[in-house]
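Every read-out reported here was derived from the displayed coordinates using simple, explicitly stated rules and does not represent laboratory data. Everything numeric here is computed off the predicted structure, so don't read it as measured data. For neighbour counting, all protein chains shown are included, and Cβ atoms are generated from backbone atoms with ideal geometry for every residue, glycine included.
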Amino acid sequence: MTLNAQMLKLLTILSFAWMASFTSVQAKEAAPLAEDPVVEKRLIHISEELRCLVCQNESLASSRAELANDLREEVRKLIRDDKSDTQIKEYLVTRYGDFVLYKPEVKPLTWVLWFGPFLLLILGVMGMAVYLRQRQSEKPVKEQLSDEDRRKVQEILKSGDAS
């Protein structure tokens with residue numbers, strides 16, 4: 001190897017080592033668990049039944065969004081205040097609406113959430129049945145050739161003259 005190639009290799013290794021030293025600086029510190037493991041276990045149980053308001057398809061327990069961290073801290077505070085699971089959920093529903101629950105109660109406001117998909121499925125099946133029935137009735141009925149028409153066709157085919 002030439003001196004330039006060795007120098008380039010050494011510079012490459014040093015630059016990778018230098019960049020690697022900064023990755024540990026950028027890493028975030030893990031969020032501390034609650035001092036009481038009972039509180040933390042109850043928090044996990046409750047937050048698995050709640051929806052993250054930012055992610056929307058994740059539970060509050062699995063979300064890493066800033067708002068989710070704030071909501072978990074609020075739930076911890078409510079647990080320490082000796083609120084029941086039901087009281088905590090009611091508080092969050094009052095504050096954020098039924099959307100915060102993964103399984104909202106069945107009530108007139110949430111009927112669309114619970115029964116809407118089934119209603120759409122039924123309407124789709126009924127619409128398809130009506131469409132197919134109409135399409136079936138619109139098919140032209142094949143007319144049968146009379147004996148006279150068959151005889152004419154045979155004559156044309158025998159003569160080879162199509163005009």
| request: For the chain, give the magnitude of the charge dipole about the Cα centre (Cβ charges: +1 Lys/Arg, -1 Asp/Glu; no others), in debye to the nearest 20. | output: 400 debye
| said: Starting from 0.36 nm per residue, how many nanometres of slack lie between residue 149 and residue 77 once their C-alpha separation is accounted for? | reply: 16.7 nm
| query | So, by mean Cβ neighbours within 10 angstrom, what's the order for 112-118, 131-137 with the highest one leading? | reply | 112-118, 131-137
| task | May I have the count of lysine pairs in the chain with C-alpha atoms under 17 Å apart, counting pairs 8 or more residues apart or located on different chains? | result | 6
| message | Please check: in the Gaussian network model of the chain (C-alpha springs, under 10 Å), which one of 13, 122, 46 has the largest mean-square fluctuation. | response | 13
| query | Ordered by residue, what ³J(HN,Hα) values in Hz, to whole numbers, does segment 84-97 give under the Karplus form 6.51 cos²θ - 1.76 cosθ + 1.60, where θ = phi - 60° and Gly and Pro are x? | reply | 7, 4, 5, 5, 5, 5, 4, 4, 5, 5, 4, 7, 10, x
| task | Report the FRET efficiency, 1/(1 + (r/R0)^6), for residue 132 and residue 45, where r is their Cβ-Cβ distance and R0 is 45 Å, rounded to 0.05. | result | 0.35
| In nanometres, what is the gap between the two model label sites at residue 110 and residue 90, each 7 Å from Cα along Cα-to-Cβ? | 1.5 nm
| task | For the chain, find the longest principal axis of its Cα atoms and tell me its angle to the long axis of helix 66-80, 0 to 90°, nearest 10. | result | 60 degrees
| message | If amide hydrogens are placed 1.01 Å from N in the peptide plane, which non-local residues have theirs closer than 5 Å to the one on residue 51? | response | 60, 101, 102
